[in-house]
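The values are calculated or read from the model by the stated rules, or taken from the named source; none is laboratory data. Everything numeric in this text was worked out from a predicted model, so none of it was measured. For neighbour counting, all protein chains shown are included, and Cβ atoms are generated from backbone atoms with ideal geometry for every residue, glycine included. Each accessible area value is taken on the protein alone, full model and side chains, heavy atoms only, with ligands, DNA and RNA left out. Shrake-Rupley method; radii C 1.70, N 1.55, O 1.52, S 1.80 Å.
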Amino acid sequence: MNSRQIGNRAEDRAARYLQLRLYRILERNYARNTGEIDIIAKKGNTFVFVEVKYRSDLSKGYPAEAVNEVKKNKIRRTAEYYLVSRNLNVDSVDVRFDVIEILGRKIKHIRAAF
């Protein structure tokens, strides 16, 4: 299995995890020239932009450690583009940035990760 297939499986697991917790999935793999967001979901009135990171083991560290400042900034800019493109006022919408870390078979949901 190549890395894209592994990533897709991890994102599928993350989406199911969120749905079971009553998040409504709005978009998957939302990509613009500013960057890409793995999952855009909504829970209540909050838009949740989710980065999914997978590692089979800890040889390269915890998955969430791969979400560096460059990646965070790309996600923020892409989230802003998403909201503006839907005629939503960025300053008046509840927004949260989460990371779902998948390590082997374990899932950890880091809310308000950045």
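Points to keep in mind about this one:
- Radius of gyration (Cα atoms) of the chain, expressed as a multiple of 2.2 N^0.38 Å: 1.03.
- Sorting 58, 18 by accessible area puts them as 58, 18; the probe is 1.4 Å, largest comes first, and only protein heavy atoms count.
- Using alpha-carbon coordinates, inclination of helix 3-20 to the longest axis of the chain, degrees: 60
- The residues of the chain expose, per residue, 60 Å² of accessible area to a 1.4 Å probe.
- Mean-square fluctuations from a GNM of the chain, with a 10 angstrom spring cutoff on Cα atoms, peak among 13, 77, 21 at 21.
- Across segment 99-113, computed HN-Hα scalar couplings (Karplus, 6.51 cos²θ - 1.76 cosθ + 1.60, θ = phi - 60°) run 10, 10, 9, 10, 10, x, 9, 8, 10, 10, 9, 9, 7, 6, 5 Hz from first to last residue, x flagging Gly and Pro.
- Neighbour net charge for residue 43 - beta-carbon separation under 14 angstrom, K R +1, D E -1: +3
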